[in-house]
Every structure is written in structure tokens, then in C-alpha cells.
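The values are calculated or read from the model by the stated rules, or taken from the named source; none is laboratory data. Keep in mind that what you see is a predicted model, and the values were worked out from it rather than measured. All Cβ positions, glycine included, derive from the backbone under ideal geometry; neighbour counts span all protein chains shown. Surface areas here come from the heavy atoms of the whole protein model, side chains and all, with no ligands, DNA or RNA. Shrake-Rupley method; radii C 1.70, N 1.55, O 1.52, S 1.80 Å.
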Amino acid sequence: MNASFENTTTLEYRLKAANAQICAFKSGEIYVRMQEEYLKELRSLEREIRKLKDELSRARSETVSVRNQWFEIFEELQKECERKLSALRKELERMERRSIKAERQRDAALDKVTRQRHKIYGLEMALEEEKGRNLKLRAQINRDYENSSIPSSKTLRRKKVSNGREKSGRKPGAQPGHPGHGRKKQIPATDPVLLPPPREVLEDPDFKKTSKTIVKQLVNIRTILEVTEYHADVYYNSKTGERIHAEFPPGVVDEVNYGGSVKAFLFLLNNDCCTSIDKSRKFLSDLTDGRLSISKGMVNKLGREFAKKTEQERKATFADLLLSPVLHTDCTNAKENGKNAYVFVCAAPDGKAMYFARRKKGHEGVKGTPAEDYQGTLVHDHEKTFYNYGAQHQECLAHVLRYLKDSIDNEADRTWNKEMRALVQEMIHYRNGLPEEAPPDTEKVRGYEERYRAILQKAKEEYEYIPASEYYKDGYNLYLRMEEYMSNHLLFLHDHRVPATNNEAERLLRGYKRKQQQAVSFRGFESIEYLCECMSMLIQIRQNEESNLYNRVSEIFG
């Protein structure tokens, strides 16, 4: 590398000298110098001639010889000049050839450098493309319930939840000075069992009985099969041939009928505890020592029977949801014979909620739900269909926090996402810390809005300076969404009735998801409808704290 550089430098200096000589010949400076030398020599010769003329009288005889000598000298000078000119021309030609060769070498080197630059540019482009693909794949792999809408049950790579508690050095369990929470004592159904004293007490007369008695209970449960058999004598009219008997109580139709307690037990196991029909039947059979063996068809029809018997109660709940000032709504996928279906949920902050089975999403899915005619504030997860209903809208900020975390994980060079996530958490903390029904501080809310806009401006500048990758635009799309729907993200700061998240609907949908995971796929759409109607009624029963769920369901089945 160094030898090549020295050769190139030497050639450049020689080329520079040759160019200087060529320029001198072209400009005529050399000819001027030659002419000056010639004139100088000529003047010298003229002086000699004058001297010779002066001496002509003395040396006439030498004139011819001197003249001949002068011409010879002149001819030699002329030949010498021509020889030098010829040598200079040859040197000039040689330098021109070297110059042309050097130019060709330079052009070849420039072409090689250009090709190398094109190659490097292509490699850099390929590298950037691979980086984008890696970013996209890494973002997909790293998505879980903490930075996306994926539920925790669907996360393949489970994360270990860190324990943030500090060790206190105290022993586990009850602490001195705190009231104990013992097990609740039950009323015994039989007489107490008196345990005999130890042998050493009986043998030693020094032991005396005290007034203190230690009481401990052993609690067990058992299932009693209660069978009521009805007998109705048949009477025959010999004249008319009519046969008649006493009417059986309601619900006693077949030879063997199952009461509300049996139906409620199987119904709650299958629909509320999300156990399969076979497991529910087997469990009941084991509890009764095999005496009760319910058919699959009967267990399967319990949902339809329960739904039809609670239709009026659900209509009342539907009307209450329409009057609620705030309504949570969301939807999730369902499976019907391998085909997609959907389950919508509408819930009020006071706990009232209803499920609805739909074959399609969008406006057809909303049709027939309280959200269709609702005129209050809808809380949802940025489902654009819901923006066509209700008077105001609040987007779930829990989803926004997850998307911001995903942007932080995959766009580490951005700063707006970190600041926005911290701001959203601060706003939610402030809102949750306010007393119930207390109006928020107007100045503080205005300050939050100004910080929100300032962070969005920073996001705009960052994406203008370094555009979003073609393979990962989730962060950029989130910035556009937060800018466009700013009022729908911050509505909860202005109205104390509006929550910051849609967790109410999210929690309710998990109940259906558990059943969907157990059933995998329903055989008919009607099964999903009956399940939604039953789950809606179970939520209503649970709202009444004084009501026992099992007893109430037993009453409904009658």
C-alpha cells in the first residue's frame, strides 16, 4: 500500500514538472530566453567583427579563415540547438505518454472505487433491511400480556413475576398484637363426643378435674340423595270408561324427574366452573355412590332451560344498562364448529353486565346490544365501530400503556414513548387518588393536557428526524392515534364517573374465555347464545350479596 502511494506521488511530481515545461514551450518563454541568449551572443560577435574590421587592415589575409571559423561555430551552435530541441521534444512526448498512462490509471482507480462504493451501499441497504426484519420478528416474539392485548394465558414465554417485597425478618403467619382469624365453628348435628382422660390421670389421684374444657371440631360433608316418590291411585268409570288420577306436582312428568338442586349442581359445574359434561356427570355419580347417572343430553339442555326461565330478569338488566351514565363494552372471538363467531359484553361500573353472541363483528355485532341505542359514555379498546354509538368515548389506557411498553422495547432510541408512559401512569394515579365524586383540579388537568401535547410534538420531531422502520410502525401508528384521539384518552380526567381503563369488560370476557378454552369449539351457535344468556343471569344473581348462588339457581330450575 505504501509503495503504491510513493509511486503515485513520484509520478504526480514528474507529471507536474512536465506540465510546467510544456506550458513554458507553449507560452514561448524558452524561445524568448533563447533569443535573448542569441542576441547576447550576437552582440558579442558583432563586437568581435568590429574588432576584426579594425584589424582588417592588419590581417586581411586572416579574414577568410576567421570567417570560415565563425560559420563553422555558428553551424555547430545551430546543430546543438536543434539537437537540444529534438531531445526536449522527445522528452515532452514521453511525458505526455506517461501523463496519459497516469490518467488512465487514475480513471481505472476511480472506477474501482465507484464499484466498491456501490457494493458497500448495496450491502448497507441489505443490512438495514435485515435489521428491520429482525426488529419485526423480535417485536412479535417479545409480545406478551405486558406490552400487547395478548392475554396472559396465551403467552408462550411466561415471565417470572418479581417479588418487590422486602424481608422483614419476622416469622411467617400471625403476628403478635394482631387479631386472629380462626376457622368458623359450626353447630354440631350430634351430641358432643367426650374423650376419656389419659390412663395416668385415672391412676394418679392427685389429678383433679378443672372447669376448663378444650373444644375442637372435625367438619365433614356428605351428600344425601333425597328421593320423593308420589303415588296416585287410578280410578275407572265403568259407564264412560274414563280413567282419572290425582295431578302430580309441577315438574313431575316422567317416571324419574330431577329436581332443581340436581340441575343447579350440574349447571353450575358445567357453565360456571367450566368443567366438561363428562366430568360433571362423573363427579355427581361419585358423590352419590353411582346412584345418579345423568345423561349427556340432559346436562346439555340445562343451559337452554335456564336461559328461557330467566328471560324477564335479563330484560330488566338490559333496561338498567341503557340508563347507566357509563357503559363498558368489548368483544372477543368464539368458535362454532371451527368457524369464527363473536361474544360482545356490555357492563356498567356498578356490576350489571350482559353477554351477547354474534356471528359477525362491526355494526351487525353491536345490533341488539345496549350499545346500539346507548346515549352515555362508552368505554372501549379503540374499536372504531363503537365510535358510531354513544355520546362520548373513553379509550382503555391499560392497552395504551401496553403499546407504549412495546414501543419502548423495540424503539430504544425514542424518548417520547418513555415520557408518555410515565405521564399516563401519573394521570391514572392522580385520578385514582381523588376522593369519590370529587371534581378534579382544573389547573392540574390543564397541565396534564399541555404535557401530553408537548410529548406528542416531541414524537413528531423524532419521527421526522428518523422515520419509523418499514418493518415496525406500531410506535408511529400509536403516536398518530394518540394525537387524533387525545380527547378520548383524557376524558376520565374531566368526568369522575368515567374510569381510565376498560378492565370491567376485560374481566368479564375472561369468564367466557375460560369456558371457550374448556369447550374448544361449540357445535352450534345456539349453544353460545344460551351460554351468554346464562352467564348474564349468573352475574345478576351474584350482585345480590344476600342471595346464595346455588339456592337461587335451584329455585329457578324449580
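These residues, TYR38, TYR258, TYR235, go from largest to smallest accessible area, 1.4 Å probe, as TYR235, TYR38, TYR258. Roughly what % of Cα-Cα distances in segment 261-319 sit above 17 Å, to the whole percent? For segment 261-319, the fraction of Cα-Cα distances above 17 Å is 41 percent.
Based on the inverse mean of 1/r over its pairs of different Cα atoms, what is the Kirkwood hydrodynamic radius of segment 494-558, in Å? List each step's numbers first, then the result.
On the way: mean 1/r = 0.0704 Å⁻¹.
Value: 14.2 Å, from the Cα pair sum.
For the chain, DSSP calls about 70 percent of its internal beta bridges antiparallel. Each residue of segment 225-235 was assigned a 3J(HN,Hα) from its phi angle through the Karplus expression (A = 6.51, B = -1.76, C = 1.60, θ = phi - 60°), giving 7, 9, 10, 10, 10, 9, 10, 10, 6, 9, 10 Hz with x at Gly and Pro.
In this structure THR210 has an accessible area near 90 Å², from a 1.4 Å probe over the protein heavy atoms. Highest average first, the peptides 222-228, 532-538, 297-303, 273-279 ordered by how many other beta carbon atoms sit within 10 Å of their residues are 532-538, 297-303, 273-279, 222-228.
Cross-linked pairs LYS352/LYS384; LYS335/LYS473; LYS131/LYS339; LYS301/LYS384; LYS296/LYS513: Cα-Cα separations exceed 27 Å for LYS335/LYS473; LYS131/LYS339; LYS301/LYS384. Computed from phi, the 3J(HN,Hα) profile of segment 447-454 under the Karplus parametrisation 6.51, -1.76, 1.60 (θ = phi - 60°) reads x, 4, 5, 5, 5, 4, 5, 4 Hz, with x in place of Gly and Pro. The Cα trace of segment 449-558 gives Rg and Dmax of 22.7, 71 Å, the first to one decimal, the second as a whole number. Taking a ≥ b ≥ c as the square roots of the eigenvalues of the alpha carbon gyration tensor, the chain is prolate, as a/c is not under 1.5 and a/b beats b/c. For the chain, the solvent-accessible area works out to 72 Å² per residue, with a probe of 1.4 Å and every protein chain left in place. Ranked by the mean number of other Cβ atoms within 10 Å per residue, highest first, peptides 84-96, 342-354, 447-459 order as 342-354, 447-459, 84-96. With kT/(6 pi eta Rh) evaluated at 25 °C and eta = 0.890 mPa s, and Rh the Kirkwood radius from Cα pairs, segment 433-487 diffuses with a coefficient of 186 µm²/s according to Stokes-Einstein.
Counting pairwise Cα distances across segment 287-361, what percent come out greater than 20 angstrom? Counting every Cα pair in segment 287-361, those more than 20 Å apart make up 54 percent.
Using only the alpha-carbon atoms, how far is helix 311-323 inclined from the longest principal axis of the chain? Give it as 0 to 90 degrees, nearest 10. That works out to roughly 50 degrees. Taking amide H as placed 1.01 Å from N in the peptide plane, HIS393 has its amide H under 5 Å from the amide H of LEU378, each at least 5 places away in sequence or on another chain.
Residues in segment 434-440 carry Karplus couplings, in order, of 6, x, 4, 6, 7, x, x Hz; the curve used is 6.51 cos²θ - 1.76 cosθ + 1.60 with θ = phi - 60°, and Gly or Pro positions show x.
Counting only alpha carbon atoms, the long axis of helix 29-56 and the longest principal axis of the chain meet at about 10°. For the chain, the carbon plus sulfur part of the accessible surface works out to 51%, probe radius 1.4 Å. Sorting the Cα pairs of segment 206-325 by distance into bins of 10 Å, from 0 upward, gives 9, 24, 22, 17, 14, 8, 4, 1, 0, 0 percent per bin.
Computed per residue of the chain from DSSP H runs no shorter than four, each worth -39500 (n - 2.57), the mean residue ellipticity at 222 nm is -18500 deg cm²/dmol. Peptide packing for 240-247, 324-331 was compared via the average number of neighbouring C-beta atoms within 10 Å per residue; ordered from the highest value, the list is 324-331, 240-247.
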